[in-house]
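Peer 1: Shown below is the structure under consideration.
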Amino acid sequence: MTFTSDIAGGSGAARAGTFITPHGTVETPAFMPVGTLATVKALDPDDLVRMGASMILGNAYHLHLRPGDEVVRDLGGLHEFMHWDRPILTDSGGFQVFSLAQLRTINEQGVEFQSHLDGSRRFFTPEVVMQIERNLGADVIMQFDHVIPGQSDETSARDASERSIRWLARCLQEIQRVEKSEPAGRLPPSASPLPPQALFPIVQGGIHSHLRREAAERIREMNDWPGFGIGGLSVGEEKEAMYKMIEVVDDALPNTHPRYLMGVGFPEDVIEAVARGVDLFDCVAPTRMGRNGAVFTRDGRLNIKRSEYRLDKRPLDPDCDCATCTRFSRAYVRHLFVSDEILGLRLLSLHNVHFLLSIARGARQAISNGDYDTWSRDWLSRYRTSSPLAV
């Protein structure tokens, strides 16, 4: 089965489309809940299906360390392992490896790092990462890239971007080699065959427009890619700089293939990025913030642990139809948090993930209606001016 995409309609630079994978169709724009360790924290796969998630994300770095990518392979790949029959994307772990500033060394061959779990030494190269992602068996796999802080100077940004392009060529060569050389009897009889995979390149370049354009042009010349990642954003740079870089990449990439803005998923950023031609998003914020009592609402963020919610009978967001908001009050959810009850973490994680999924659905509908500019302006105006409480 090949990977295909189609842009069904547009409203300005915003696009509504479909991305077809061996495990189903993803309607875009789409938010991908993050299941770093083969689980979206506090949520069951059935929860995700009920709230309309079409694609989720796993992480090659974390799954390589635990339980091990070969373990996942021998158990049938990520889909069977976590009982999720819809599309999956795996990040290469580049961000995690490069975040280990005191625990890694970089050279042209790859990155040597120390496991944050047991201190063991590991060496990630583009070839090793492709083997890991092949073992995991996700539909979409990301190249191994060199990630640097968003505000890095031009020399550092160029060095990282050019290295990422060289590593991309090695990733492509390796995944082609691995797929061709897999023996028919490699998997145990109980395991499912690993599916075809789509390798996405990643456009780097920091906050330097000419570097982003150069990277996009060189990447396009290398292969007919099924989609593109936009990396190295939301890693310390100002939001306006991030938005500008998205606009640059929008102009530089073909408008026929999905664009994935990596690691970005706050409500306002999703809406601003869709307006600039982005199709796919992921972020740990919905579940991470939910576990700390932060709630996304259409009137801004609130902190459910604050005392004023002790007698508040309203749902977290009166306009939300998630399983939390349709059943429980702010007072009850606050009680769970201050009592250290696990259910509180689950209910807020469920709400926040549902909230991001609903934004993507609303954006798609507005694009289909041809009025995304009006919809997004009204949405952001309410979100930004309703005096959200500090978290």
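Peer 1: Could you list, in sequence order, the residues of the stretch 313-328 that are surrounded by fewer than 17 Cβ atoms within 10 Å (Cβ to Cβ) and either farther than 15 Å from S358 by Cβ or under 24 Å from the mean Cα position of the chain (by Cα) (or both)? Quick ask: steps written out before the conclusion?
Peer 2: Going residue by residue through the stretch 313-328, those that are surrounded by fewer than 17 Cβ atoms within 10 Å (Cβ to Cβ) are 313-314, 318-319, 321, 323, 326-327.
Answer for the stretch 313-328, where residues must be surrounded by fewer than 17 Cβ atoms within 10 Å (Cβ to Cβ) and either farther than 15 Å from S358 by Cβ or under 24 Å from the mean Cα position of the chain (by Cα) (or both): K313, R314, D321, A323, R327.
Peer 1: Identify, please: which residue in the stretch 288-305 is in a loop (DSSP other than H, G, I, E, B) and not aliphatic (A, V, I, L, M) and is, among those, surrounded by the most Cβ atoms within 10 Å (Cβ to Cβ)?
Peer 2: Start the filter on the stretch 288-305 by keeping residues that are in a loop (DSSP other than H, G, I, E, B), which leaves 291-293, 298-299, 304-305.
Subsequent filtering for residues that are not aliphatic (A, V, I, L, M) retains 291-293, 298-299, 305.
Values: R291: 17, N292: 14, G293: 20, R298: 16, D299: 16, K305: 15.
Among them, the one singled out is G293.
Peer 1: Kindly list, by first and then second residue, each pair from a residue in the stretch 168-196 that is of a type in the set (D, E) to a residue that is surrounded by fewer than 16 Cβ atoms within 10 Å (Cβ to Cβ) and at pLDDT 65 or above, limited to pairs with Cβ atoms under 9 Å and residues at least 6 apart or on different chains.
Peer 2: The qualifying pairs are E179/P196.
Peer 1: Also, I was wondering about something else. In the stretch 217-272, which residues are open to solvent by 40 Å² or more (accessible area, probe 1.4 Å), assigned to a helix (DSSP H, G or I) and of a type in the set (D, E, K, R)?
Peer 2: E217, R218, R220, E221, K239, E240, K244, E247, D251
Peer 1: Could you check how many residues of the stretch 149-161 are open to solvent by 30 Å² or more (accessible area, probe 1.4 Å), within 23 Å of the chain's Cα centre (by Cα) and closer than 16 Å to G94 by Cα? Let's see the steps before the verdict.
Peer 2: The first filter runs over the stretch 149-161 and keeps only residues open to solvent by 30 Å² or more (accessible area, probe 1.4 Å), leaving 149, 151, 153-156, 158-159.
Remaining after also requiring within 23 Å of the chain's Cα centre (by Cα): 149, 151.
Right, trim to closer than 16 Å to G94 by Cα and you get 149.
The number of residues fulfilling the criteria is 1.
Peer 1: Just need a number here: residues in the stretch 61-81 that are buried (at least 20 other Cβ atoms within 10 Å of the Cβ) and either assigned to a helix (DSSP H, G or I) or more than 21 Å from the chain's Cα centre (by Cα) (or both).
Peer 2: Filtering the stretch 61-81 for residues buried (at least 20 other Cβ atoms within 10 Å of the Cβ) gives 61, 63-64, 69, 72-73, 77-79, 81.
Narrowing the set further to residues that are either assigned to a helix (DSSP H, G or I) or more than 21 Å from the chain's Cα centre (by Cα) (or both) leaves 61, 63-64, 69, 72-73, 78-79, 81.
Residues meeting the conditions: 9.
Peer 1: Hey, does the stretch 6-19 have a residue that's of a type outside the set (A, V, I, L, M, F, W, C), at pLDDT below 95 and over 15 Å from the mean Cα position of the chain (by Cα)?
Peer 2: So the first thing to find is which residues in the stretch 6-19 are of a type outside the set (A, V, I, L, M, F, W, C), and the list is 6, 9-12, 15, 17-18.
Among the residues that remain, those that are also at pLDDT below 95 are: 9.
Narrowing further to those that are over 15 Å from the mean Cα position of the chain (by Cα): 9.
Yes, the stretch 6-19 contains at least one residue that is of a type outside the set (A, V, I, L, M, F, W, C), at pLDDT below 95 and over 15 Å from the mean Cα position of the chain (by Cα).
Peer 1: If you don't mind, there's one more thing I want to ask. Go through (1) under 30 Å from M142 (Cβ atoms); (2) touching a residue at least 12 places away in the same chain (Cβ under 8 Å) one by one and return the number of the condition Q365 breaks.
Peer 2: Looking at each condition in turn, Q365 falls short on (2).
The values are calculated or read from the model by the stated rules, or taken from the named source; none is laboratory data. These figures come from a predicted structure and were not determined experimentally. Virtual Cβ from ideal backbone geometry, glycine too; neighbours counted across all protein chains shown. Accessible surface areas use protein heavy atoms only, side chains included; no ligands, DNA or RNA. Shrake-Rupley method; radii C 1.70, N 1.55, O 1.52, S 1.80 Å.
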